[in-house]
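What follows is one structure encoded as structure tokens, with my remarks underneath.
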Amino acid sequence: MFKSLKNKKENWILFVAPILYVIGTLLTITLQVETEVNINLSRIITAIILAPFIEEFTFRSFFIKKFRIISIVLLVFTIAFFKNHIFNTSLLIVLLTFIAAQYYKNKFWYLKVIIILNSLLFSTVHLSLNEIFDSNYIGLFFTRFSLGLFLIYIVLNFNIWKAIGLHLVINSIMVGLMIFMSYYLVKSNNHKFTIHSKNSIIKWQPKFNIKQKTVIYKYSRDTLFIYNTTLNHINKKFNSNCIETQVDLPFVYYDISIIQSDKNYTNIPCLVNKDVNYRLFDSY
């Protein structure tokens, strides 16, 4: 194995990237970071097919001489139009400075700095400005940073098409795991749950749907029926301000019936959020 590495470039990545990935995964699990997940069929297609091509040509094609200008243009376009905050703009300027320095004076350590800066930018572009400076997201940062490093290694030693293929496989696995988790949770809890409060009786049932359906509201005497809703949707619909809210899982929707004596539904989302969190998640 080590003999075969002699002809490879930047072998330090093979030792650093896995360590950072393990640390990032452990931190993510320990901190229990919840991110808003909003996935539909078009987003799945984008994540599995389009994203690997776009991201590899944007971030990693720089390391192939004939694609270098394309990569720089795509990087500038990405930061300027999609993640235009001061941190990433400053990081891009530093990266371009080292790229220019390497062009005029090719020192051996310039490439290492460019690799690190490139992976750093790849990580921060996937996070909001608040998340970048939030210690709770350090695990997500490490996993993306290590992935960026490893994909650069593939491009340097093989070709960009293999990096795209690997990226496609990784995204497919991640999306597949999210879909399976949603399907498993719903199928394991495929019945109605009842919440009794002072002024209301609430019944809710989770269901799994690949295709997003229209939310339907129906009134029947003292009962409000809501079909195909998400937790985020009812929070916004009833102007709820819950202290703790459960993040929506992809392809998980809810049918809810509410018997409410005073017709004030503001507290309903909080009750549903709390019960969903207890029934579907705390039990695992």
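Relative to the longest principal axis of the Cα atoms of the chain, the long axis of helix 138-157 makes an angle of roughly 40 degrees.
Among the protein heavy atoms of the chain, carbon and sulfur supply 63% of the accessible surface, probe 1.4 Å, non-protein parts ignored. What longest region of the chain stays clear of GluC sites (Glu not before Pro) that DSSP places outside H, G, I, E and B and that have at most 11 other Cβ atoms within 10 Å? That gives 37-243 as the longest site-free run. When you work out D = kT/(6 pi eta Rh) for the range 166-284 at 25 °C and 0.890 mPa s, using the Kirkwood radius from C-alpha pairs as Rh and the Stokes-Einstein form, the result is 162 µm²/s.
For a test of the definition: using alpha carbon positions, the gyration tensor, and the 1.5 limit on a/c, classify the range 86-233 as rounded, prolate or oblate. Cα axes put the range 86-233 in the prolate bin.
How would the range 134-195 be classified by its alpha-carbon gyration tensor: rounded, prolate or oblate, with rounded meaning a/c under 1.5 and the a/b versus b/c comparison settling the rest? It is oblate, given that a/c is not under 1.5 and a/b is not larger than b/c. Each Lys and Arg contributes +1 and each Asp and Glu -1, all at the Cβ; summed about the Cα centre of the chain, the dipole is approximately 860 debye.
Kindly flag which residue pairs out of Lys65/Lys162; Lys65/Lys105; Lys213/Lys236; Lys198/Lys263; Lys9/Lys107; Lys211/Lys263 have an alpha-carbon separation exceeding 21 Å in this structure. If you can, show how the numbers build up before the last one.
Working: Lys65/Lys162 17 Å; Lys65/Lys105 16 Å; Lys213/Lys236 18 Å; Lys198/Lys263 13 Å; Lys9/Lys107 15 Å; Lys211/Lys263 31 Å.
Pairs exceeding the cut-off: Lys211/Lys263.
The angle between the Cα long axis of helix 68-81 and the longest principal axis of the Cα atoms of the chain comes to about 30 degrees, rounded to the nearest 10.
Compared with the dominant Cα axis of the chain, that is its longest principal axis, helix 160-188 is turned about 20°. The residues of the range 77-175 have, on average, 51 Å² of accessible surface per residue, using a 1.4 Å probe with all protein chains present. Based on the alpha carbons, how large is the Rg to Rh ratio for the range 217-283 when Rh follows Kirkwood? Rg divided by Rh gives 0.95. Contact order for the chain, expressed relative to its length and based on alpha carbon pairs under 8 Å spaced 6+ residues apart, stands at 21 percent. Shape class for the range 24-153, computed from the alpha carbon gyration tensor (a ≥ b ≥ c): prolate, with a/c not under 1.5 and a/b above b/c.
Relative contact order of the range 41-159: 23 percent, from C-alpha pairs under 8 Å at least 6 residues apart in sequence.
Hey, any idea what Rg/Rh is for the chain, computing Rh the Kirkwood way over Cα pairs?
Expressed as Rg/Rh, it is 1.08.
The values are calculated or read from the model by the stated rules, or taken from the named source; none is laboratory data. The structure displayed is predicted, hence computed values, not measured ones. Positions of Cβ are backbone-derived with ideal geometry, glycine not excepted, and every protein chain shown enters the neighbour counts. With ligands, DNA and RNA removed, areas are computed over all heavy atoms of the protein, side chains included. Shrake-Rupley method; radii C 1.70, N 1.55, O 1.52, S 1.80 Å.
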